[in-house]
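Remarks on the structure that follows.
Derivation of every value follows stated rules applied to the coordinates shown; laboratory data play no part. Because the structure is a prediction, the values reported are computed rather than measured. Virtual Cβ from ideal backbone geometry, glycine too; neighbours counted across all protein chains shown.
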Amino acid sequence: MYQSQQRPSQYIHENSTMRSDSNRVSQTPQTTSTTTSAQAGAPPGQFPTYNTGQTMMVPPPPPGSSTTHISDNTSQTTGPRALDDEKVYQWIIELSYGPNREQALLELGKKREQYEDLPLVLWHSFGVMTSLLEEIISVYPALSPTPTLTSSASNRVCNALALLQCVASHPETRNLFLSAHIPLFLYPFLNTSSKQRPFEYLRLTSLGVIGALVKNDTPEVISFLLTTEIIPLCLRIMESSTELSKTVAIFIVQKILVDDAGLTYVCQTYERFTAVAQVLKNMVEQLATQQASRLLKHVVRCYLRLSDNSDARKALKNCLPEQLKDGTFAAILKDDIASKNCLSQLLLNLADYEGQPQPQAAPASSSQAPLNMQPQQTSQMPPGVNQMMQQQEFSQPPHQQFQQQQQQPQYAMNY
C-alpha cells in the first residue's frame, strides 16, 4: 500500500450546506508512494522490459504546481461549472471518506462530459487522487499469478480509470498527472494476457487513459512515455487482444511515431525497429482476412511515418508486406480517400529510395538518428500517420464502448 503525506488544507469551496471543516475540500494534491510495477533498465538499443519486482516512489508535483486556486483556473469556462454544483462535492467527500465510494465513482463519472472544470476539481480536492490510486492498487493481487478478477471489481476500477482519463485529458492537469507518474500505476493492467472480459475491459480503459494523454501531440507526454515500457506493452496488445484494444494501442504507437523524438527512438536501433515492424506485418496478415478498416488505416499511417526515416525506409523496402503492394486492400480503402493517399505515398517513398522520380516524397527529418540495420545481438522481442482525426475524443470510458460493441456489431468508433 502507500502512505499519504498530509499538508495544510486550502479550501476551495464553501456553501450553506458545507460549512464544517470536515466537509471542506482541499486543493492540495497528494504525494504517494507504492510498491508496484515500474520501468526497468533495458540493454542498450532495446525497449525497456516490464518488471514487477521493483519499488516505485511517486514523486510530488513540481514546487508551486498546486498553489493555483481552482476558481482562477476555471474563470474562462463558458459552460456550467463543477465548482457550482453541490452534488459534485458531496460525491467527492463520499469518494474520499464515505462508505459509498463505488457509487461516488459512478456518479462522478457521469459528470465528466457535463463539466469542463471537473478535472481541476478532482485533482485539487484533498484525497481524491489517493482514493483513485487506492482503487487501482486494490486489484493488483487479482491479476497474477492466478487471475481472479471479477466483473464487478473490474467495472469499479474502470470507473476510477475513467476519472483518471478525465484528468489526463485536461491541459491544466495533464503535466501534473505526468509529474506524479500516475500512468505507471496502469501498466500492470496493460501487462495482463487473460482474454476474459473483465481483463479486457481493464486493458481497454487503461489504454484509454494513455490515449487521452497522447491525442494532443504534446512533446512532454511523448518524452515521458519513451522513458517507460509503453511501446512493448502496446505491441503485445496489438498482436493478441481484441480489435478495439488493438485500435487504441496502435493509436498510441502512431502518436509516438508522429513525434520526431518518438520516431528517432524507434528507429535508433535494429532491435526496436524490428519489434515494431514485425508486429505491424503480423497485423497486416491478419487484416488480409479480417478486413478491419479502422485498424488498417492506423497500420498504413505507422508505416508511412516510419518511411520518413531514411534507414527505416531502406529496411521497409525489404520487409513491407506484399498485401500492401498488390491491391489486397483496394476494396476496403475504396471509400477511405485519406488512407488510400497515405498508402500511395508510402509506396512512392519506397520507390524513391530506389532512385525513381518522386517529386512529392516527404524528406526525412534531420533530427533522426541513423539506424544500424545489422543486428547487434539476439534478444527476446516483445510478443507480438501522420494525420489523425483531430476531433478524436473518448466520449465515454473505453470499457463502456467495448460493451456497446459487443451488443451492437454495427457500432463504429472515430479512431
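What to note about this one:
- If you plug the beta carbon distance of residue 293 and residue 240 into 1/(1 + (r/R0)^6) with R0 = 25 Å, you get a FRET efficiency near 0.75.
- Remark: 101, 112, 305, 197 ranked as 197, 101, 112, 305, counting other beta-carbon atoms within 10 Å and listing the fewest first.
- Extended-chain gain in nm, criterion 0.36 nm per residue less alpha-carbon gap, residue 337 and residue 153: 62.0 nm
- For segment 237-242, Karplus couplings with θ = phi - 60° (6.51, -1.76, 1.60), whole Hz, Gly/Pro x: 5, 4, 9, 9, 9, 6
- In straight-distance terms, cross-link reach from residue 195 covers every one of the lysines whose alpha-carbon lies under 20 Å from its own, apart from those fewer than eight places away in the same chain; here that gives 246.
- Taking the fewest neighbouring Cβ atoms within 10 Å as the starting point, the ordered list for 317, 195, 215 is 195, 317, 215.
- In plain terms, the residue of 238, 283 with the fewest other Cβ atoms within 10 Å comes first and the most crowded comes last, giving 283, 238.
- Contour excess over end-to-end distance, with Cα ends at residue 344 and residue 260 and 0.36 nm allotted per residue: 28.0 nm
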